[in-house]
Amino acid sequence: GVYYVYSVESSRYLCGYDPNGNPYQTYVDVWLPFNGDIGLHDAPWRASFGTDTTYNGSYGCVNLPSWFAWEVYNRAYVGMPVTVE
C-alpha cells in the first residue's frame, strides 16, 4: 500500500509487546512512522538486511542500516509517500 510519513523524529524509544506478550523498549536514532506504530527506523542490532532476512528483525517496521536511515532522515518530510509491497 501507499502510506505517508506523519512524523520525522530522532533519538526515540519504541515500546510495545513482542509476539509472546513480553514488553520491550528499544532505542532508535531515526524514527519515521507511516502507519500507526509501524515505521522506518535504524536497526543497529541487525547484521544483515533484505527480503530473505527473517531473524533479529522487527515486529512490523521497516529496519534500515544506520547509515541509510540517516540518509532517509535527512531527506524526509511529513507527508512523504512510503510504498510498501
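The values are calculated or read from the model by the stated rules, or taken from the named source; none is laboratory data. Since we're looking at a predicted model, the values are computed, not measured. Note: ideal-geometry Cβ built from the backbone for every residue, glycine included; neighbour counts use all protein chains shown. Note: accessible area is taken over every heavy atom of the protein model, side chains too, but ligands, DNA and RNA are not part of it. Shrake-Rupley method; radii C 1.70, N 1.55, O 1.52, S 1.80 Å.
Brief remarks follow.
- Qualifying residue in segment 52-69 (condition: touching a residue at least 24 places away in the same chain (Cβ under 8 Å), open to solvent by 60 Å² or more (accessible area, probe 1.4 Å) and touching a Gly at 6+ places or on another chain (Cβ under 7 Å)): yes
- Restricting attention to segment 1-29, the residues being closer than 14 Å to Tyr77 by Cβ and of a type in the set (Val, Ile, Thr) number 2.
- Pairs where the first residue, in segment 1-18, is in a strand (DSSP E or B) and the second is surrounded by 10 or more Cβ atoms within 10 Å (Cβ to Cβ) and of a type in the set (Phe, Trp, Tyr), C-beta under 6 Å, 6+ apart: Tyr3/Phe34; Glu9/Trp31; Arg12/Trp31; Tyr13/Tyr27
- Filtered residue count, segment 19-29, keeping only those that are farther than 14 Å from Asp42 by Cα and free of Cβ contacts under 8 Å to residues at least 40 places away in the same chain: 6
- Residue in segment 70-82 that is surrounded by 10 or more Cβ atoms within 10 Å (Cβ to Cβ), at pLDDT below 95 and not charged (D, E, K, R) present: no
- Of everything in segment 17-44 that is open to solvent by less than 20 Å² (accessible area, probe 1.4 Å) and small (Gly, Ala, Ser), the residue that is nearest to Ser7 (Cα to Cα) is Gly39.
- Subset of segment 1-11 (residues that are of a type outside the set (Val, Ile, Thr) and at pLDDT 95 or above): Tyr3, Tyr4, Tyr6, Ser7, Glu9, Ser10, Ser11
- Residue match in segment 30-47 (condition: touching a Ser or Thr at 6+ places or on another chain (Cβ under 9 Å), of a type in the set (S, T, N, Q) and either in a strand (DSSP E or B) or in contact (Cβ under 8 Å) with a residue 60 or more places away in the chain (or both)): no
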